[in-house]
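What follows is a single structure, written as structure tokens, with notes after it.
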Amino acid sequence: MQIISIQLKNIKSHRDKEFVFAPGINVLSGPNGIGKSTIYESVGYALFGVDARDFVGNIERFVTIGEKRGEVKVVFQPGVDETYRASRTVGTNSKWLLAKKIGEDFEVEDHANAEETQARIKELLGLDNGRSLADQFKLVIGPFQNDFLGPFVIKQPVKRQEAFDEILGIDAWRKTYKGSRSLLDAVTHKIELIAAEVEAKQEQLEVLPEKKQELKDVKAARKDHGGKLKSEQVAHDKVSGQLQQFDQQKEELDKVRSALEKTRESIKLGKEHIGSQSTLVTQAEEAIKLLEKHRPGKEVFEKVEALLKQLREREQQRRVIEQEVETLGRNAFRLTESFEHETKEINQNRLDLDSDKQKLDQERQSLQPDPEVAAEAAKLEVLRTQLEEVRTARNKLDGSLSGLTEGRDKLAEGVCPFFQEPCQNIAGKEPRDVFSERFAAIDEQGQKYDQQITDLRVTATNAEQAQKKLDAIKVRSVALDRQVEAFDVRQRKLTERSNGLEKLVASKAEAETKALARKKALDAFAALDEEIKQAEQKRVDHQQDRDEYNRNQQAAEDLPNRRELLDKYQTRMASLEKAQQDQNAEELRLAKSYSAEQHQALKLQQDRLQDSIATLKEQLNTFERDQLRLEGEIAQLKKVKEEIDKRIAEKKTFEEKKALVTFLRNRVFRNVSEQLSERFREEISQRAHSIYRIIAEIDEELYWGENYQVVLRDMVDGKIRERTDDQLSGGQTMSAVVALRLALLQTIGARIAFFDEPTSNLDATRRENLAHAFRAIDVGKEEVTEHWYDQLFLISHDVAFTEVTDQILTLE
């Protein structure tokens with residue numbers, strides 16, 4: 001098993017980094033807070049499925065600040081020719097994937113959920129021992145730095161034993177022993193329940209003989225009442241036949257009497273209808289007479305109505321013309337006011353334009369530049385060029401001065417200023433003064449240049465001021481040009497408004513002409529109001545004739561229908577009177593053959609027989625229900641007996657189980673956990689002792705005692721001395737725990753391991769010895785232990801590990 005590499009993206013301080021590991025011992029080194037522990041935490045997260053909250057409390061803190069998602073990819077080789085990659089994302093919808101390398105690519109294996117992924121990785125790592133990968137990592141393979149001493153320093157023996165039993169996987173026997181107590185109690189309780197249940201059901205069986213005798217009596221009574229029921233039913237059938245004949249006769253007689261009553265009622269209603277219809281015929285005849293009387297007045301009313309309609313239409317036409325005249329008058333008045341207002345506005349605008357034009361002309365004349373200012377501004381570019389040339393010459397002069405100064409200093413030291421080495425030409429001689437004259441000439445020329453620069457600056461400043469004045473005049477000239485353009489636009493608009501006055505005059509004259517024409521059209525309607533008044537009066541005079549005619553018209557037109565309906569009523573009345581005579585004769589005939597007294601006697605006899613039959617049936621039903629009840633109770637009691645036999649057999653089975661559980665608890669579960677614990681402690685103690693001796697370099701024996709207590713034995717004054725827990729120093733405790741953890745890893749079969757700062761509390765000698773112990777295990781020295789791991793990961797600042805490691809990864 002070997003972890004090839006790990007890639008971290010947005011994991012704590014690692015935004016996008018990849019680390020490649022070597023076989024054997026890998027040391028991660030670097031300053032605090034650089035992210036060393038994050039690397040091995042990420043291995044636990046992606047390869048062993050540890051929850052990120054076990055590292056940081058809040059899963060968001062496992063992701064780089066400012067990011068929402070992170071990812072860890074671990075490439076590992078469980079065997080020689082197989083390479084896999086475990087990847088796991090951090091954040092919402094986290095995914096845990098396992099991919100196998102095929103060729104140059106990784107193909108993701110199809111797993112339904114995280115449980116299947118974990119089971120597959122367990123199989124590849126050889127850690128399928130029933131405990132989750134996360135627990136194995138946190139407890140043994142890669143305990144957190146704060147948990148490294150962990151269960152080794154637990155003070156309570158029972159809790160310490162439970163912790164290491166769980167790590168070694170033997171806690172199941174102890175838990176089984178404790179858990180089987182409840183099973184034993186449950187079996188015992190079940191036996192007691194069965195015994196109580198059997199005892200209660202046996203009491204129920206005592207009534208079984210009484211129930212059988214009661215069932216025999218019920219069957220005999222049911223047979224006797226069945227014979228009586230048959231004889232009563234024969235008598236009832238005979239009476240029912242006779243009663244059926246009387247019922248039929250009475251039914252026919254009732255039908256005839258009912259029909260006779262209906263006929264009499266119909267004759268009564270018919271006479272009322274005939275009287276009402278005769279009245280309606282008389283009213284229709286009177287209506288015909290009234291129609292002839294009021295017809296002339298009604299015709300005059302209709303003619304007047306038509307005339308009024310025409311007059312109303314002419315009145316509407318007159319109203320339209322009046323509205324047009326009023327509208328035209330308002331338009332003429334509005335146009336007059338608009339003309340006067342527009343004329344006044346145009347005149348005022350002309351005065352304003354003349355005033356503005358005069359002001360613009362005056363201001364334009366005032367903007368003519370001073371010739372002296374223009375001439376001064378024209379020199380600006382020439383002055384700037386001259387000033388730049390003088391400055392350049394002055395800078396070159398300063399460079400020459402600097403070179404001469406350096407040459408003088410070098411010659412004074414006897415060094416050639418060109419070759420930067422001792423000058424052989426002046427060796428042992430006093431240097432000749434060749435620089436004073438040149439320095440004086442340069443100073444004199446520099447003063448001339450400085451004076452020229454000062455004069456040119458003053459002249460250029462004056463030219464710049466003149467140029468600014470010219471620029472200001474140009475800006476104002478541009479503004480005046482824009483005002484002139486605006487003035488021209490205003491002049492054009494004023495001209496257009498003046499031309500628009502002619503259109504207003506024409507529109508006003510046209511409106512006045514149309515108004516006069518429409519007023520003349522009203523002369524045709526001068527007599528209209530009088531004509532309407534006369535027509536309305538004539539309409540009122542003949543309205544009564546029209547109303548009377550309309551009120552009687554429908555009745556007069558309905559006279560033929562009313563006479564026809566009256567004839568039908570009279571014919572129907574004759575038919576009903578004939579039917580009444582026939583129904584009276586039929587009633588007399590049927591009444592002679594029917595006897596109400598005999599009919600009632602048969603009914604009473606039938607009722608008595610029905611009551612007797614019903615009573616017998618009810619008694620038979622009662623006997624039947626009693627028989628069914630007793631048969632059911634007897635069958636139930638038989639089932640109870642069968643259940644008693646079954647429960648007695650079940651009780652015997654549970655008693656056998658109780659004996660078996662008692663045997664297993666007392667003879668097996670209680671002892672196996674202790675025996676396995678002792679065996680593991682002996683094996684681990686031997687391996688740990690060899691490692692501890694290398695680390696401590698003293699003649700002490702490390703022993704893992706009862707309840708997994710760390711014990712150191714040595715000889716003092718010829719006697720064996722044992723020291724535990726509080727009697728040990730911090731260095732002794734850490735050395736012992738490191739040795740025990742290494743031996744424990746070998747015992748459980750782990751091929752890789754992680755140690756975070758294992759040299760804490762160790763002095764320099766023990767740290768160096770611990771490093772050599774790791775190397776001794778790595779090469780498989782027999783005096784320490786055989787080589788059992790493929791890779792060991794150490795997080796440490798200790799330089800002792802640089803001599804024994806296969807690879808050092810320094811984080812910066």
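The values are calculated or read from the model by the stated rules, or taken from the named source; none is laboratory data. None of the values given here were measured: they were computed from a predicted structure. Note that we place each Cβ from the backbone using ideal geometry, even for glycine, and neighbour counts take in every protein chain shown. Ligands, DNA and RNA are stripped out before the accessible areas are found, and what is left, the full protein with its side chains, is counted by its heavy atoms. Shrake-Rupley method; radii C 1.70, N 1.55, O 1.52, S 1.80 Å.
Condition test on GLU577, is it among the acidic types (Asp, Glu) and modelled with pLDDT of 85 or more?
Numbers: among the acidic types (Asp, Glu): yes; modelled with pLDDT of 85 or more: no.
So GLU577 fails the test.
I'd like to verify a number: residues in segment 702-717 that are more than 22 Å from SER673 (Cβ to Cβ) and open to solvent by 10 Å² or more (accessible area, probe 1.4 Å), how many?
Narrowing segment 702-717 to residues more than 22 Å from SER673 (Cβ to Cβ): 702, 712-717.
With the extra rule that they be open to solvent by 10 Å² or more (accessible area, probe 1.4 Å), the set shrinks to 713-717.
So the count comes out to 5.
Which one of these is without any contact (Cβ under 8 Å) to a residue 12 or more places away in the chain and small (Gly, Ala, Ser): ALA591, ALA614, ALA579? Don't jump to the end; show me each part of the working.
Working: ALA591 fails: without any contact (Cβ under 8 Å) to a residue 12 or more places away in the chain; ALA579 fails: without any contact (Cβ under 8 Å) to a residue 12 or more places away in the chain.
ALA614 is the lone residue from the list that is without any contact (Cβ under 8 Å) to a residue 12 or more places away in the chain and small (Gly, Ala, Ser).
Does ALA163 meet the test of being in contact with a Gly (Cβ under 8 Å, 6 or more places away or on another chain), within 26 Å of ASN671 (Cα to Cα) and open to solvent by less than 30 Å² (accessible area, probe 1.4 Å)? Working first, answer last.
On the way: in contact with a Gly (Cβ under 8 Å, 6 or more places away or on another chain): yes; within 26 Å of ASN671 (Cα to Cα): yes; open to solvent by less than 30 Å² (accessible area, probe 1.4 Å): yes.
In short, yes.
Being under 25 Å from GLU214 (Cα atoms), assigned to a helix (DSSP H, G or I), at pLDDT below 85 and touching a Lys or Arg at 6+ places or on another chain (Cβ under 8 Å) is the requirement here; does GLN636 meet it?
No, not satisfied.
Just the residues that are acidic (Asp, Glu) and either surrounded by 19 or more Cβ atoms within 10 Å (Cβ to Cβ) or more than 22 Å from LEU139 (Cα to Cα) (or both), please, taken from segment 13-69. Walk me through how you get there before you give the answer.
Kept after step one, since they are acidic (Asp, Glu), are these residues of segment 13-69: 16, 18, 41, 51, 54, 60, 67.
Correct list: ASP16, GLU18, GLU41, GLU60, GLU67.
May I ask you to say which residue of VAL158, VAL187 is β-branched (Val, Ile, Thr) and open to solvent by 70 Å² or more (accessible area, probe 1.4 Å)? Break it down into steps so the answer makes sense when it comes.
Details: VAL187 fails: open to solvent by 70 Å² or more (accessible area, probe 1.4 Å).
Every option except VAL158 fails the conditions.
Assuming ILE720 fulfils every condition listed in (1) open to solvent by 10 Å² or more (accessible area, probe 1.4 Å); (2) assigned to a helix (DSSP H, G or I) apart from one, which condition is it?
In the conditions (1) open to solvent by 10 Å² or more (accessible area, probe 1.4 Å); (2) assigned to a helix (DSSP H, G or I), ILE720 misses (2) alone.
Restricting to segment 723-740, and then to whatever is assigned to a helix (DSSP H, G or I) and in contact with a strand residue (DSSP E or B) (Cβ under 8 Å, 6 or more places away or on another chain), can you tell me which residue is surrounded by the fewest Cβ atoms within 10 Å (Cβ to Cβ)? Step through it out loud before you land on a result.
First, the residues of segment 723-740 that are assigned to a helix (DSSP H, G or I): 725-727, 730-740.
Keeping just the survivors that are in contact with a strand residue (DSSP E or B) (Cβ under 8 Å, 6 or more places away or on another chain) gives 725, 732-733, 736-740.
Working: ASP725: 14, GLN732: 22, THR733: 18, ALA736: 26, VAL737: 22, VAL738: 25, ALA739: 26, LEU740: 24.
Here the residue is ASP725.
So VAL140 ticks every box in (1) outside any strand (DSSP E or B); (2) closer than 26 Å to LYS9 by Cβ but one. Which box is left unticked?
(2)
Give me the pairs, please: first residue somewhere in segment 219-240 and farther than 28 Å from LEU628 by Cβ, second residue anywhere and modelled with pLDDT under 85, beta-carbon distance under 8 Å, and either six or more positions apart or on two chains.
The qualifying pairs are ALA235/LEU609; VAL239/LEU602; VAL239/GLN605; VAL239/GLN606; VAL239/LEU609; SER240/GLN606.
Taking interchain pairs and intrachain pairs at least six residues apart, which have beta carbon atoms under 6 angstrom, with the first residue in segment 324-340 and open to solvent by less than 70 Å² (accessible area, probe 1.4 Å) and the second small (Gly, Ala, Ser)?
VAL325/ALA515; LEU328/ALA511; LEU328/ALA515; GLY329/ALA515; ASN331/ALA511; ALA332/ALA511; LEU335/SER507
How many residues are touching a residue at least 24 places away in the same chain (Cβ under 8 Å), assigned to a loop (DSSP other than H, G, I, E, B) and more than 24 Å from VAL56 (Cα to Cα) when one looks only at segment 107-137?
Final tally of qualifying residues: 4.
Quick grid of which residues meet (1) closer than 30 Å to ALA235 by Cα; (2) of a type in the set (A, V, I, L, M):
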position: GLN583; (1), (2): no, no
position: GLN598; (1), (2): yes, no
position: LEU616; (1), (2): yes, yes
position: LEU628; (1), (2): no, yes
position: LEU637; (1), (2): no, yes
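What number of residues within segment 736-787 satisfy the criterion of being at pLDDT 80 or above and over 26 Å from GLN77 (Cα atoms)?
Of the residues in segment 736-787, 5 are at pLDDT 80 or above and over 26 Å from GLN77 (Cα atoms).
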